[in-house]
Each structure stands twice: as C-alpha cells, then as structure tokens.
1. Just to check your reading of the model, which residue among L448, L457, L408, L476 is within 16 Å of ligand 1 (Cβ to nearest atom) and touching a residue at least 12 places away in the same chain (Cβ under 8 Å)?
2. Regarding L44, is this residue assigned to a helix (DSSP H, G or I), among the aliphatic types (A, V, I, L, M) and over 48 Å from the mean Cα position of the chain (by Cα)?
3. Mind listing whichever residues of region 518-537 are touching a Gly at 6+ places or on another chain (Cβ under 9 Å) and outside any helix (DSSP H, G or I)?
4. In the set A235, A277, which member is under 30 Å from D62 (Cβ atoms) and part of a helix (DSSP H, G or I)?
5. Could you list all residues from region 180-219 that are over 19 Å from the mean Cα position of the chain (by Cα) and open to solvent by 90 Å² or more (accessible area, probe 1.4 Å)?
6. Quickly run through region 556-597 and pick out the residues that are within 16 Å of ligand 2 (Cβ to nearest atom) and open to solvent by 30 Å² or more (accessible area, probe 1.4 Å).
7. Within region 222-248, which residues are surrounded by 13 or more Cβ atoms within 10 Å (Cβ to Cβ) and of a type in the set (S, T, Y)?
Amino acid sequence: MSDFTLAGLSQGSQTSRFRQYRALLSHYLRPQAPRVIWMAVLLLVGIALELANPQIIRYFLDTAQSGGSSKPLLIAGVLFIAFAILQQGLTLGADYLSKAVGWTATNRLRADLALHCLRLDMPFHKSHTPGELIDRIDGDVSQLANFFSQFSIRILGDGLLVLGILALLFAENAWMGLGMLLYTAVTLLVLRYIQDLAVPRWAAERQAGALLYGYIEERISGAEEIRAAGAEAHAMRRLYEFSRLFTTRTRTAAVVAGLAYNLTNLVYVLGYAAGLAVAVYLYSRGQASLGAAYLITYYIGMLSTPLQSIRAQVEDLQQALANIQRIQELFALQPQVTAPGPGVRALPPEALSVEFERVSFKYADGAGEDDESSRANVLNDISFSLQPGRVLGILGRTGSGKSTLTRLLFHLYDPSQGTIRLGGADLREVSLADLRRRVGMVTQDVQLFQASLRENLAFFDASIPDTLLEQALQSLRLREWVQALPKGLDTPLAGGQSLSAGEAQLLAFARVLLKDPSLVILDEASSRLDPSTEALMERAIDRLFSGRTGVVIAHRLKTIQRADDLLILEEGRIIEYGPRLALAADPSSRFCHLLQTGLEEALA
Ligand SMILES: Nc1ncnc2c1ncn2[C@@H]1O[C@H](COP(=O)(O)OP(=O)(O)OP(=O)(O)O)[C@@H](O)[C@H]1O
Ligand SMILES: [Mg+2]
C-alpha cells in the first residue's frame, strides 16, 4: 500500500513524523488535486475581497464627509454590496469543495483501515472489541476531515489575512501597525497557552467515550447471555461506571474549553478597545480622517477572526496528529501468524493430507500478559497424520482443545511449538489465500448476516449464478428445505435468530460446497437436532466429505461412525488415536469404553 504505512512509525523523529504526515496528506489528496486547487483559489480570492471591502467603506465615509456628488457614493455602495455577495458565494463554494475533499479523503482512509483490520488475524480481533474498532476506524478518521481538506490552505489564508491587515494598518500609521503587530504576537502566544489547557482534557474525554462504546457494544451482542445469567444488574452497574467517567471527563473538558473561549474573547475585546481608543485619539487630533479611523477599528476587529481560526486550526492539528498517530499505529499492526516469505509453497491440487508434528499451543492473553503468562498449554505435544481422503473424528470433553486444534489447522494461529503440514507443505510456507481457498471450515457458531438466504450462501458474491447455488443445495438435499421457506432463496435471514444451530450449519455446508475445498474442517454443532434436521445433516455431511479429506469434531454417534480415524483429546493431550474400527474392536480402548457407556452423554 502507501509508503506512510510502512515507515517506522512510533519511534520516528519529529521531522520524519512530519514527512509521514505529508505523505499521508498527499496520498489521499493527490487523486483530487483539481478540487483542492479550486478550493484554494476560492479561499484566497475570498480573503482578498475581505481585505478590500473596508477600503470601500472608508472611501464612502471620506467622500460623504467632504460633501462631493452622490454618484461616487452610489457606486461605492453598489460595489460594497457586490463584493459582499461575491464573497458569500466564494465562501459557499469553498465550503462545498472542502467538505467534498474531506469526505472523499476520509472515506478512502476508512476503507483502507477497514480492509487492513479485516486482514488482521484472530489474536488481533480477540483483543479489540468491535466498538473499539468502530471508534478507531470511524471516530479517529472523522476528525481528520478538516485536516485533510482545509488545514494547509486555512493556515496559509489566515496567515495572509493577518499579514494583509497588519500591512494595511502600517500604511495608515506606522505606530499603529507596530502596536498591532505586537498585539498579534502576544495574542497568538496567549491563545497557544490557553489552548494547551483544553486539548489533553478532550483526549481524556475521547478515551472514556471509546471505553463506554466498546462496553455497550460488547454487552449488547451478549444481551441474551446476560439476561440468561441474570447479570443485568452487574452489566448496568458497569455501564453506570463507564457513563460516569465519560460524563465527568466531558464536563471537565467542556468547562476548561469554555473558560479558554472566554479568555480568548477577553483578549479580543481588549485589543478592540485599544484599537478604538487609538482611532478616536488619532481622529480627535486630526491625524486621521473619519474613514481612516473607521478603517483602523474595522481591521482591528477583523483581526480576531483569522487569529481565532489559526488557533482553531492549530488545535485541530494537534488533535489530527494524535489521531494520525493512532491510525498509523493501527496500520503498523501486522498479522501475527507467519506469512510465507519468498519460499511460498503451493498446495498440491488433490485431496490434502494433514500432519501434526509435536504441536503445542497456548493462547497469548492479549493485553494482560503479566498475571497469567504461565498459563498452561491448551494443546500439548499433538502428533498425528491423516492420509488424503480420510476423515478424522476428534472427540473430547468441552474445553479439551478440539476447536483450538482446528483453528491451528486453518492457520488462524501459529502453533507455539511444532509443525503442521498440509499436503506435505509446512503451513507457514503456504499463502493464506491458498489455504483459505483449499480448506473449508464450518465452525460451531455459524455467522449469519442480515441479508437474504442467497446472499448468505454466496457471501454476497452476486456473480455466483442461482443454478450453482441450487446445485449445492441439491447435493446437500436442501432444496426442498429452501423451497419450503416463504420466499425461497430470497428469504431474509435476520442476523442469526432465524435458523436453528443445525440449520445454520447446513447453510454453512452449502457455503463450503460452493468453495469446493480439498479439506473440510467441521466443528459440529453440539446442540441436539430434531430428527428431520438430523437426517438432512447426515446426508449433507456424506456429501461434504466425499472425495475430500475431513476433520470433524463430532458430538453425535452418527458422525463418529463416518470417521476413518479417531483422536480423543483430554486437557489438550491425545489420549487415544488410531483407526476407528481397530479402536472399536479393542475392548481395552477408551473409545470402546465410551461406546459402551453411551458416547453422546459422555461428550455432551
Ligand atoms: N481465544 C481464546 N483465548 C484464550 N483462551 C481460549 C480461547 N479460545 C479458547 N480458549 C481456551 O482454550 C481451551 C480449549 O478451548 P476449545 O475451544 O479448543 O475447546 P473445545 O474442545 O472446542 O470445547 P467445546 O467442546 O466446548 O467446543 C479452553 O480452556 C478455553 O478456555
Ligand atoms: Mg469447540
């Protein structure tokens, strides 16, 4: 992608950081160069008009006072109005363009960030709540709109406006010019000081906001469990705590910012009063005409606008820099699973063999590594090998590490130790794209989207024709089931609520079939199925595994009977492994024992 994402990010020196900001700006602004140029032209012409307008009034006043003919007065009046209207028009145009530039740039940045996050792996997504990600992708970026669209031009324009005003004041009276120069310098310094009061408080406020929204998001998505566990009071209590933090921080920031605003106004009022006094003084001593006196007060009054705007822009810059840094930190995150280097290996085209060699694994615990870094491995010294086309059934109590094993096989995580091979190739040397294309995985909780059944099946790939979808459904014997739905393929699915766990898995089977992988990993839904769904499931699994290598975490006897090999896990270790028939025939085997005592009960 772009150069700024790859540069050394957090530890860069000041200058290299500014180079990165420039790179970021130019990356997102270059594509809209014409718009940016137009916007600059409009803004600058607007400033010129702003400076010129008081000169007309001055001319008007002086002409009126000297009692000449009324025609020049009329012309001056019309000119004044025309300039004012033109200036409004220019401002409108510049605003429109700057919004367009800002939105276009930030939307591209949002899209890049979203894509980047999608490419990051499970450890990342496990350690960042969706709410936090929304805040980082949308919140941080939104605040950059002004930085993208206006910052440089505004600072330039405001600077020019201040210089112009000072130059014109100098032209009126050198002492006056000097005094106002001093005033401007002092004001900018004071504003800078005042502004430093508010910025860190706003940062603290934003942080509290991110916490609150992250918390709300997580609780809402877990609402069902919270209700089931009767944990509403606890959830609400935490909500109050987060809200309180957010409220107090917002209040502090707002109070300080309000104070800063009033202080700022005080500075302007003082400046204006001083200017007024000087103008009156000069006028009363006959050193300035009425028009000149008006001009002086007008310009001094006008000075506050660009000074205020410079202040706001600098404040915005600080905010933007903080946001850019957070954005760059996010961009700098790389997937933790090993990506193949130059020695990338292609998977063999046929059904894939699977081999685990002394694999051990434990989950890194995201942020808080300190307290439980000594936590036990979830998988210990796992070794097995599965021939192409065979099906491995995995049994084990809940929490024994079955799902974890499949996650390693799908390369969602790297093993802590040992090697996993797929079709003879070390997973670390296989490109993720290749792996994901060739391996189909159905997890315990299938993710359904709020969309039609068709879109859910095809993963929103509109290029997949209905015939293909129906073929997949047909081969899973699901066509009748779909036809029985009120609107067939167009039936809307409402975010996971509308299908039973078994039906959702059936749908996931169809997704996998459409992909036509060489290895299928199936983490069977542990919920009990009604007999008709169960029958469907049986045929579907038959179809799913035919001609493919399979790894299935089985909860039902029927599924296990389909396995060629069996592996029993206990607390992350293999306690039994071998061909199913051999194990079933061996009365001393754990499997044989399980069969006698009632397997489904033992595994539930
Ligand atoms: N993302 C994770 N981060 C940290 N620990 C995890 C994570 N996922 C699972 N674990 C832990 O790893 C262990 C094995 O979990 P796993 O999901 O592999 O069990 P399982 O055998 O699939 O159980 P079940 O039959 O209930 O699905 C559990 O102790 C669990 O708490
Ligand atoms: Mg599991």
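The values are calculated or read from the model by the stated rules, or taken from the named source; none is laboratory data. The structure displayed is predicted, hence computed values, not measured ones. Note that we place each Cβ from the backbone using ideal geometry, even for glycine, and neighbour counts take in every protein chain shown. Each accessible area value is taken on the protein alone, full model and side chains, heavy atoms only, with ligands, DNA and RNA left out. Shrake-Rupley method; radii C 1.70, N 1.55, O 1.52, S 1.80 Å.
1. Only one candidate qualifies: L408.
2. On the way: assigned to a helix (DSSP H, G or I): yes; among the aliphatic types (A, V, I, L, M): yes; over 48 Å from the mean Cα position of the chain (by Cα): no.
It is false that L44 is assigned to a helix (DSSP H, G or I), among the aliphatic types (A, V, I, L, M) and over 48 Å from the mean Cα position of the chain (by Cα).
3. If the condition is that a residue be touching a Gly at 6+ places or on another chain (Cβ under 9 Å) and outside any helix (DSSP H, G or I), then S518, L519, V520, I521, L522, A525, S527, R528, L529, D530 are the ones that fit.
4. Matching residue, one of A235, A277: A277.
5. Once the filter is applied, which keeps residues that are over 19 Å from the mean Cα position of the chain (by Cα) and open to solvent by 90 Å² or more (accessible area, probe 1.4 Å), region 180-219 yields L182, L189, R192, Y193, R201.
6. Hits for region 556-597 are E570, E571.
7. Passing the criteria: S243, T247, T248.
Okay, residues lined up against (1) surrounded by fewer than 18 Cβ atoms within 10 Å (Cβ to Cβ); (2) within 16 Å of ligand 2 (Cβ to nearest atom); (3) outside any loop (DSSP other than H, G, I, E, B):
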residue	(1), (2), (3)
G399	yes, yes, no
Y413	no, yes, no
L435	no, no, yes
G440	no, no, yes
V446	no, yes, no
F449	yes, no, no
L457	no, no, yes
L469	no, no, yes
